[in-house]
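J.: The following block contains the structure, expressed as structure tokens.
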Amino acid sequence: MSSSNKGHHPRRMLSSGFTLAVTVGGIIGLGILRTPGEVAAVVPDPLMFVSLWVLGGLFILLSTVVAAELMGMTPRSGGIYALVRRAYGPFPGFVIGLLSPQWKYEPGEADLTVMRLVISGEEDGRSTTYTYDLYDEYDPETGVLSMARTTGYTCTAVARLVLDGGYSQKGISPPEFVGRIDGCWERVEKYLEDRGVRCRLQRRLGSRSEHV
């Protein structure tokens, strides 16, 4: 009997190009027939709709290339389980494989988003802490998930800033860059508030707290 362990290492027969094609086909099949209507329901402006669609397509293309490369480098069955197992070990892979089927939303199922941002430092020579709290829930009237509301609406608000000339910095811009420009954060905040997504700000000066 041969001592070779070839049976434990499947041959890499699928190229990265094939994996990319399968991933693109899956994305188109799952999203292209349903997503446009959902986006148009919350973005009535045709120019904004097309702009978001193009930006979303570029983002998906980049994500697909990364996913295809990872899958091509991992010649094992199991999908996301194989990737997590290789990156983090057997136990995290087991947890992902066990729980991932439970993480899929059913039609009409609600979600919520909770976030807290704490910024501490000195202001006018005094110890100061700013705390931003966000709590948002699924909107049953529009059918938009909270995760989509808090992320998608924010992206739409920033896209409007760019289209209106309120933000013109070129290159890759993290959110901190947008917040440095006078008036940008206020416009994003108002855009979110108009759609029911609100952040509560509390400022602590020394031992005294106040809501802003």
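J.: Quote to one decimal, in nm, the extra length available between Tyr105 and Met48 on full extension: 0.36 nm per residue of separation minus the C-alpha distance between them.
T.: Gain in length upon complete extension: 17.8 nm.
J.: Could you order peptides 54-64, 120-130, 149-159, 192-202 by the average number of other Cβ atoms within 10 Å of their residues, highest first?
T.: So the peptides 54-64, 120-130, 149-159, 192-202, ranked by packing, come out 149-159, 192-202, 54-64, 120-130.
J.: Next question, about the same structure. Given R₀ = 35 Å, what would the calculated FRET efficiency be for Arg203 paired with Ala87, taking r from the Cβ atoms and rounding to 0.05?
T.: The pair Arg203/Ala87 has a calculated efficiency of 0.30.
J.: Evaluate E = 1/(1 + (r/R0)^6) for Glu193 and Val22, where r is the Cβ-Cβ distance and R0 equals 45 Å; express this FRET efficiency to the nearest 0.05.
T.: The pair Glu193/Val22 has a calculated efficiency of 0.60.
J.: Per residue, how big is the convex hull around the C-alpha atoms of region 77-212? Give it to me in cubic angstrom, could you?
T.: So the per-residue Cα hull volume is 205 Å³.
J.: Another question, if that's okay. Region 55-112: which trypsin sites (Lys or Arg not before Pro) are DSSP loop and have at most 11 other beta-carbon atoms within 10 angstrom?
T.: Here the trypsin sites (Lys or Arg not before Pro) that fit, given the DSSP loop and packing criteria, are Lys104.
J.: So how far apart, in nm, are the two label points at Val39 and Thr154 if each is 7 Å from Cα heading toward Cβ?
T.: About 2.0 nm, to one decimal.
J.: Using 10 Å bins from zero, what percent of all Cα-Cα pairs in region 137-212 falls into each bin?
T.: Whole-percent P(r) values from 0 Å outward: 16, 41, 29, 13, 1.
Rule-based calculations on the coordinates, nothing more; no lab input. The model shown is predicted, which means the values in this text are computed figures rather than measured ones. Backbone-built Cβ (ideal geometry, glycine too); neighbour counts: all protein chains shown.
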